[in-house]
Amino acid sequence: MRLYKDKYYLILAVAAAVIGFVVYDITKAPTVSFWDCGEFIATSYIMGVPHPPGNPVYILLGRIFSMLPLAASIAVRVNLLSVLSSAGSIFVAFWLILRLSMGRRDKLPAGNARIGLGIGAFSGALIMGLSATFWSNAVETEVYGLSMLLMLIITYVAILWAESSPKPGSDRYLLLISYLLWLSLGIHMTTFILAVPLVLYLGFVDYKKSGFRRWPIWLIMSVFILYAVPIQTQIMSLFGIDISALELESLYLLLGVALLASVVMAVVARIMALETYRVWSLAVMIIISAGAGYSSQAYIPIRASEKPAINENDPSNWPRFKSFLERKQYGQESMITRMFHRRGSWQNQFVTHPSFGLLRLLGQQFSSPDANLALYREENAPSARTFALSLSILYILFLGLGGAFESVKRSRMDGSFVVLTMLLGTVGLVFYLNFSDGAFNKAIAPLAEVRNRDYFYTPGFMYFAILIGVAISSFLEWLSGLSDRPGTASRTWGRSIFAVAVLAALLLAFETASANFARNDRRGNLIPWDYANNILQSCDQDAILFTNGDNDTFPLWYLQEVEKVRRDVRVVNLSLLNTAWYIHQIKGQMGVPISLSYDQIENLEPVRIQGYSGIWRVQDEMVKHIITNCQGNEWYPPVYFAMTVASENKLGLEDHLILQGMAYKVVESTGTERVDAEVGQRIFGNVAHFRGIANPRVRKDDNDMRLVSNYISAMFQVVEEYEKAGKSDSALFMAEKAVALKPSESAWQAYAFLARMYARSSMYSRLDSLIAGISPATGERILLAVAQEMIMNREFEKAASLLEQTLLHFPSSFAALNNLVVSYYQRGDTTLAAEAIRKFRQHNSGDSTLMRSLDEMTERLEAFPLPPSGAE
C-alpha cells in the first residue's frame, strides 16, 4: 500500500519533520559542545581519524557540510548535519507508526479513522523527535541523529519488503537493506544492533511465504550478526580452540567462503538451468552489497596513512586498523565475556541509577519527572485531596506497552519485529553494556560511569516512542468508530469525544516539547568554546599542555584545527599518552621533545617500582621524560598542566607548579600553593571569555557548572594572592569578577568571600546588591558566616555592623540576632543589645517558636558576665 500517495498523510509527515527541524535549528548549539563534538567537528573539517570506531561516513558527510555556506561558523554547519538527519528521522517515524497502525490492510481507511491514524502518527513522531535523549543528540555534532535515521529507514524498508515479497522486484529491498546495514558501521555501531531482530524477522517472513527454499540467503545474513555479536569465538572455545586474536579475520573468512560458495553454486545452477540460480545469485548480490556498504571503512587506513593532525590509533597498517575496528583502545576483554561479570547491581542498572538506570532514564524521556495528570481534585476538603497519574507512568505503562500490544495485534510479524528491536535497545543493552556503579563489584569495576549514559539507549527509547505513537493512533481510530454509531445524538457525542481525543494527542506532543525544551536548549551556550580558549590563552608561546580527558582536549582540538587559535600550544592528552602510536605522533608531528627511539617507545609498559605505591604507567614515564627534556633545554618549551588534571597525574610535582590562569606552569623553584597573580589578572581580566555564564537564559548542565567552578576556584586563588600582597583593590576587582559569573549557590563560599571583603570595607551598598541576586536562605547563610568569622577574630564592632545589615534584610533571623547580641555584650553595650531584642520581638511577635527562643536567650543573658571595660 502506497501511503505516501495520500496527500493528507504526506502533509502531516512533512509538517512533523518541519516542526522538528525548526525546533532543532532554534535550540542547536551555536558553536562547539563538550564531549566528542569538538573531535567530530575538527576531524570532519580536516578529514582526520576520530576515536574508534572511526565513523568514516559521518566524517565525510561532516566534511561536505563544513564546506556548505549554511552558516558563518564551521561548527554550526556540521551541527546542521544532526539537525537535518534528526528531522528526517521524524519524517520516517511518521510513516513507520502509520504502517504499524494500519497493519496489513489493503485499503486506506476513510473518515475520522483516517484522521485519527494520521494525528496519532503525527503526535507519535513528534514525541519521538522531541524526547529528551533524541533531542539532545539532534542539536550538536553527534553521530546518533544520522545513525537513528538510517536505523529507521532500514526498519521501514524491511517492512516494505515483507509486504511486497515474493512479488517480482521485491528482493531489491534486501540488497538495499544489506547495503545500508553495513554502511551504518561508518556512522556508528549502534545501528548494527538492528541486525539480530532484522535477520530473524526477514527470515521468518520468507519462511512463512516460501518455506526453506531460500535458505542460503538467510544463512548468509545470519553471518552478518557475528559482527555485532561475535559468538564464533565463544563457540570455538567450547572445542578448546582460541580464535580471540582472529575474531575479525574469522568473520571475514566466513563471509569470503560464503561469497565463493554462492558464486560457485550460482554458476552451477546457471549451467544446469536450475531454479535455484536466482536464490544463489541473490545471495551473491547480498554479500556484494554488504561489501559495498562496508567499503567506507577503507577511508580509515587511507586517510591515516596521510598523517592528519588528528589521527587516533594511527590505523595505517593492518594490525592497528584491526585493533581500531575491534575498539581495543577501550579494553581487550570481549563484550560477550564482559556481560557475564556484573559490574553494577541489578537495581542500579535497571531502575535507580541517575546516570544509567534504564527505567529512571525512560521515565525522563517524554515528560517532566514530576508532571502529573490530575484525575480528581477536591478543593473544599480540609487539605485539598488529589488523585493524579504520573505522566511518565502514562507514557510507559499505558501508551508504550499498549502500543506494543496493538502493533503485534495488527500485524504479528511487523509488530514483533519492532517490539523485539525496542527490547534489545533497552533491556538487552542493560545486559550487554553492563554499566558499572562503582560499588557492586570493586574487584573488576571500581569506578562508576563518568557521565550520563542515556545516549546508549537512544535506539530503544526511539522505538518505544514509535510504539507510543501506535497506541495513540490505535486509540484514535477506535474512538472514530463512536462517530459512526446510528442516531444523531450518538454521532454528536462521538464526534465531540473524538475531537477532544485528537486535541489530547496533540497536547501530548506539546507536553514532550515543553518538558524537554529547557534542558536541550543550547542557544547562547558558548561555554565550551570559551573554556578551551581560556586554557590555551593561559599558556606561554610554544607550550606543551598536558590535558586529562575529553572536555579539556576535544574543544581545544577544535579551536586549533578549525578556528586556528593558539596552534603553537602542543596539547598532550594524558590518557592517550599510554599508547605507543600517540607517543610516535606527538614526537614526529608535534615536535614534543621525546628522545626515545622507535623501539624504546614500542616497548614501554606499565611497571611496579619499589617504593612507589601504585603502578608506574606509561603516561607517568612519558610525562617525566618530556619534563626532564624541557628542563635540560632551559625549560623550553614551557610545560603546563591543565587545571583539570588530577593530582595523581602530576607525579608529585605540586611544589614545582605555579597557577597561571587556567593552567599550572612547571618551574624549577619550589613552593606551596603558588599563584602568579599578575598573569591571572591578565588572563581573567583581559584575555578570557565568559560569555553566557551569568545569563540565566543560557541553559547550563551539571558538566558546564562543574567546569565553570574551575574559573571561580582559579580566580579566588588570585584574590588570596593579592590579599597576601596587600593589594586590596586588585583583590576586590578579581573577587567581583569571579562572583559576577554567578557560581551555583552550593558554592556559597565564593559569595561569602566577597561579602567579607565588602563588610570589612563598610561597602554595605555593594553587600546589598550581592545578596539580592541569590536566594534568601543562601544570603542569610553568607552574612552569618562572615559575621561569625569576625566574631571569632574578635572584630566585634564590624561584626555588629554586618549583623545589623543582616537583620534589615532578614528580620526573622534568630541566628543573626543571637550573634548581634553576643557582639554587643562583648563590647559591654547592653543598651544596644536590649534595643535589638525589643525590635526583634516587635517584628516577630506572631511567631510563637521565635518568641520562646527569644525568652530563653533573654534568661541566659541575665547570667552573662559583662567583659571588663576595654576588653574589645
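Observations, loosely collected:
- Residue in the stretch 360-373 that is outside any loop (DSSP other than H, G, I, E, B), at pLDDT 90 or above and of a type outside the set (D, E, K, R) present: yes
- Looking only at the stretch 711-750, and only at residues there that are at pLDDT 90 or above and among the charged types (D, E, K, R), the one that is surrounded by the fewest Cβ atoms within 10 Å (Cβ to Cβ): Asp729
- In the stretch 1-32, the residue that is farthest from Arg691 (Cα to Cα) out of those that are modelled with pLDDT of 95 or more and assigned to a loop (DSSP other than H, G, I, E, B) is Lys28.
- Checklist (1) surrounded by fewer than 17 Cβ atoms within 10 Å (Cβ to Cβ); (2) assigned by TED's automatic domain parsing to the domain that holds Val675; (3) assigned to a helix (DSSP H, G or I); (4) modelled with pLDDT under 90 applied to Val708, failing item: (1)
- From the list Phe461, Phe440, the one residue that fits, being buried (at least 23 other Cβ atoms within 10 Å of the Cβ) and in contact with a Ser or Thr (Cβ under 6 Å, 6 or more places away or on another chain), is Phe461.
- Tyr558 being surrounded by 18 or more Cβ atoms within 10 Å (Cβ to Cβ), aromatic (Phe, Trp, Tyr) and touching a Lys or Arg at 6+ places or on another chain (Cβ under 6 Å): no
- The residues listed here are Ala261, Ala309, Ala269, Ala290; of these, the one that is outside any helix (DSSP H, G or I) and either surrounded by 14 or more Cβ atoms within 10 Å (Cβ to Cβ) or touching a residue at least 60 places away in the same chain (Cβ under 8 Å) (or both) is Ala309.
- Flag for Arg794 being charged (D, E, K, R) and in contact (Cβ under 8 Å) with a residue 24 or more places away in the chain: yes
- Complete set of residues in the stretch 724-757 that are assigned to a helix (DSSP H, G or I) and more than 40 Å from the chain's Cα centre (by Cα): Lys724, Ser728, Asp729
- Candidates Ile583, Ile594, filtered to the one that is among the β-branched types (Val, Ile, Thr) and in contact with a His (Cβ under 7 Å, 6 or more places away or on another chain): Ile594
- Among the residues here, Ile497 qualifies as farther than 26 Å from Pro30 by Cα and either modelled with pLDDT of 95 or more or in a helix (DSSP H, G or I) (or both).
- Residue within the stretch 773-796 that is of a type in the set (Lys, Arg) and within 30 Å of Arg841 (Cα to Cα) present: yes
- For Leu596, the conditions (1) of a type outside the set (D, E, K, R); (2) assigned to a loop (DSSP other than H, G, I, E, B); (3) under 25 Å from Cys37 (Cα atoms) all hold with the exception of (3).
- Tyr457 meets all of the listed conditions (1) at pLDDT below 85; (2) within 30 Å of Arg342 (Cα to Cα) but one, namely (1).
- Taken together, the residues in the stretch 616-627 that are without any contact (Cβ under 8 Å) to a residue 60 or more places away in the chain and either hydrophobic (A, V, I, L, M, F, W, C) or within 22 Å of Glu678 (Cβ to Cβ) (or both) amount to 4.
- Here Leu803 meets each of (1) in a helix (DSSP H, G or I); (2) surrounded by fewer than 21 Cβ atoms within 10 Å (Cβ to Cβ) with one exception, condition (2).
- In summary, Ala71 fulfils each of the numbered conditions (1) touching a residue at least 24 places away in the same chain (Cβ under 8 Å); (2) in contact with a Lys or Arg (Cβ under 8 Å, 6 or more places away or on another chain) with the single exception of condition (1).
- Note on the stretch 628-661: among residues that are free of Cβ contacts under 8 Å to residues at least 24 places away in the same chain and part of a strand (DSSP E or B), the one that is surrounded by the most Cβ atoms within 10 Å (Cβ to Cβ) is Leu657.
- Ser575 passes every criterion in (1) within 29 Å of the chain's Cα centre (by Cα); (2) touching a residue at least 24 places away in the same chain (Cβ under 8 Å); (3) farther than 16 Å from Leu545 by Cβ apart from (3).
- Here the helices (runs of 4 or more DSSP H) wholly within the stretch 114-225 that include at least 2 residues being within 30 Å of Trp478 (Cα to Cα) and of a type in the set (Gly, Ala, Ser) are 144-164.
- Selection count where residues are within 25 Å of Val76 (Cβ to Cβ) and out of contact with any helix residue (DSSP H, G or I) (no Cβ under 8 Å at 6 or more places or on another chain), scope the stretch 554-589: 1
Results for (1) surrounded by fewer than 19 Cβ atoms within 10 Å (Cβ to Cβ); (2) not β-branched (Val, Ile, Thr), shown as yes or no for each residue.
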{"site": "Gly773", "(1), (2)": "yes, yes"}
{"site": "Ala787", "(1), (2)": "no, yes"}
{"site": "Glu797", "(1), (2)": "yes, yes"}
{"site": "Ala816", "(1), (2)": "no, yes"}
{"site": "Val821", "(1), (2)": "no, no"}
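The values are calculated or read from the model by the stated rules, or taken from the named source; none is laboratory data. Please read all numbers here as calculations on a predicted model, not as lab measurements. Because the Cβ atoms are built from the backbone with ideal geometry, glycine has one as well, and the counts that use them run over all protein chains shown.
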